[in-house]
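See below for the structure under consideration.
The values are calculated or read from the model by the stated rules, or taken from the named source; none is laboratory data. Predicted, not measured: the structure shown is a model, and the values here were computed from it. Glycine also receives a Cβ, built like all others from the backbone with ideal geometry; neighbour counts cover every protein chain displayed. Ligands, DNA and RNA are stripped out before the accessible areas are found, and what is left, the full protein with its side chains, is counted by its heavy atoms. Shrake-Rupley method; radii C 1.70, N 1.55, O 1.52, S 1.80 Å.
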Amino acid sequence: GRDAFFVADSNALAVAAIDGWRDWAGGKLVLVGPAGSGKTHLSHVWAADTGATVIAARDLAEAEIPALVVAPAIVVENASAVARDPAGERALFHLHNLALAEGVALLFTDRDAPATWPLALPDLASRMQATQIARLDPPDDALLAAVLVKLFADRQLSVAPNLIDWMVRHGERSFQSAQVSVARLDEAALAEGRGVTRDLARRVLVVD
């Protein structure tokens, strides 16, 4: 939910772009960021706020496109997944045109900007490349620390600040990695009947 999405320097511009969705050029936006940067979380927050329908791009070829456009807004996740799939590309092209004709806002998510998508349908490629982009960068120290604290709290684990500092310095800079690391520490602590400490993290987490 919105309350669980921490805003920091690494995502503030993207959050502002999402919040200003009524002013999107052409009523559409591509939210771009690496795996684990928060694309799904932020797009689902937006979907909850706007009543948007959420669909994975890989499912578009089998979807009833006119039925999707009944919603006030639409999220298409991992949009580049339609690339090199003729039926998928045609479906996304149809959705794009129909949604904009009906005034339905479109939010696309992907790891990369549309200019890099290997789309075979020229009209679709040109429309996607003309779409406004908002970028989510990997989390900075403050954001990653806040996320780690929340992940431990969600598991009812109380940890010392020095563990959070150590994980921020040595861990991979992504939310996905943070989730995996906290889960592994929780499992190890339960197995050993001890608390989650920095010494445990040094043993359990592989650090390059």
Just the ratio, please: alpha-carbon radius of gyration of segment 131-208 over 2.2 N^0.38 Å, N its number of residues. 1.17
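Relative contact order of segment 78-208: what whole-number percent is it, with Cα pairs under 8 angstrom and at least 6 residues apart?
With pairs under 8 Å counted, the relative contact order is 19 percent.
Could you tell me whether segment 1-60 comes out rounded, prolate or oblate from its Cα gyration tensor? Rule is a ≥ b ≥ c as square roots of the eigenvalues, rounded for a/c under 1.5, then prolate if a/b exceeds b/c, otherwise oblate. Before the final figure, lay out the partial values.
On the way: a/c = 1.41, a/b = 1.18, b/c = 1.19.
Here segment 1-60 falls in the rounded category.
Leaving ligands, DNA and RNA out of it, report the carbon-plus-sulfur percent of the accessible area of the chain at a 1.4 Å probe. Please report the intermediate quantities before stating the final value.
Numbers: 5290 of 10510 Å².
Carbon plus sulfur share of accessible area: 50 percent.
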The base-10 log of I(q)/I(0) that the Debye equation returns for segment 64-185 at q = 0.12, 0.22, 0.23 Å⁻¹, one scatterer per C-alpha, is -0.63, -1.11, -1.20
Given unit charges at Cβ for Lys, Arg (+) and Asp, Glu (-), the dipole magnitude of the chain about its Cα centre in debye, nearest 20, is 300
Once the dipole of segment 27-81 is set up from charges on Cβ (+1 Lys and Arg, -1 Asp and Glu), the residue from the list 55, 71, 33 lying farthest towards its positive end is 33
Hey, can you find the accessible area per residue of the chain for me, probe 1.4 Å, expressed in square angstrom? 51
Cα centre as origin, Lys/Arg/Asp/Glu Cβ charges: segment 101-151 dipole, Debye: 60
With the Cα gyration tensor of the chain in hand, give its eigenvalues times 5 under a square root as the equivalent ellipsoid semi-axes, listed largest first in whole angstrom. 38, 17, 15
Highest GNM mean-square fluctuation among 45, 30, 75, for the chain with Cα springs under 10 Å, belongs to 45
Cα-Cα pairs above 17 Å in segment 116-158: how many percent? 59
